[in-house]
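K.L.:
Pasting a structure here, questions to come.
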């Protein structure tokens, strides 16, 4: 029994060997068949369905060269190329992603907003804190008049404001910081008050009269505080400006006081004039300032479109505005037809040195002397900046000085 038992045990592996061999053959065959079907179907799979992370795509190396597998290679290359391209253009990312908003028609910086919600302009119309917003405005003035004021000129401003009808929004810029005292005048309670110490009207204009803020107004008056308005009516003035097609204008000046230029001198025989004669040698071209295309900065009136251009021309650091009146012609075309003086609605320049008195004494000079010196420096600086900017532009366009004509 012991010998028989040992034989059975020793012969059993030999008996199972053919079965294992057959199993191995069958398994291998099935693996080959399965691999064949996978290999045939794999090129037709969509990469998007495979959901391969885009960060891995540039590192994938595919060396398929036959026609069947070239589609896979091209898809991977296209996706990799798109990733690199999108990384260079934020705008392209938004344009390719239809689930996000990127409206290029919106103002710069607001591209992510739906165009229907964009409120690109504003106004100076006061709003209530209660009720329906649609019922806030009883009236919407069509014109804007601004005065840069100190409280010492309150009576003069009171007289001036009363020359402007309810069609005008009244905006006061206070250089002396005194605002509440003006409420002794009934109109002051409806006016807009902006107070910053010792600043000029062009400083205020650059910061508070952005074209998108004053967009509702057909005309914008930017006036000094020392103007006599006995012979002026704002509504009649607007009618004449429209009639004669003036984009930039001013009332005529009473000739016996405060007159600097012949162009702004009132003519008693006409409604409007657009050109004049100055001292010999002052005007190389009769269509150029100060003989035409010219008004002064004390009492200018701008159309909405003209102001949009002028606002951009105002320099942020040159606050007195000297020299600006010689450059206003750049904002309308032709300037000698669209800039003019309204003679039949005229004013008096009272030449009150209130702004000069806001200066400070330095080096033994009176306050007004320092202010006057800066005015002259700013005029020179503005002229230089404008000339250099024009030169740089024309050079960038390949236009030489000989091809540039006065305009």
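K.L.:
Among 97, 363, what is the fewest-to-most ranking by other Cβ atoms within 10 Å?
P.N.:
Neighbour counts put them in this order, fewest first: 363, 97.
K.L.:
Something else about it: What whole number of Å gives the distance from the Cα centroid of segment 158-212 to the Cα centroid of segment 273-291?
P.N.:
34 Å
K.L.:
Quickly rank 305-312, 291-298 as a protection proxy: mean count of other C-beta atoms within 10 Å, highest first.
P.N.:
291-298, 305-312
K.L.:
Related question: Below 8 Å, C-alpha to C-alpha, sequence gap of six or more: please give me the relative contact order for segment 139-396 in percent.
P.N.:
Relative contact order, segment 139-396: 21 percent.
K.L.:
Cβ neighbours within 10 Å, averaged per peptide: list 152-162, 378-388 in order, most packed at the top.
P.N.:
152-162, 378-388
The numbers here are math on the coordinates, done by the rules we state, and not lab data. Worth saying up front: this structure is predicted, and the values here are computed from it rather than measured. In this analysis, Cβ positions are derived from the backbone assuming ideal geometry, glycine residues included, and neighbour counts consider all displayed protein chains.
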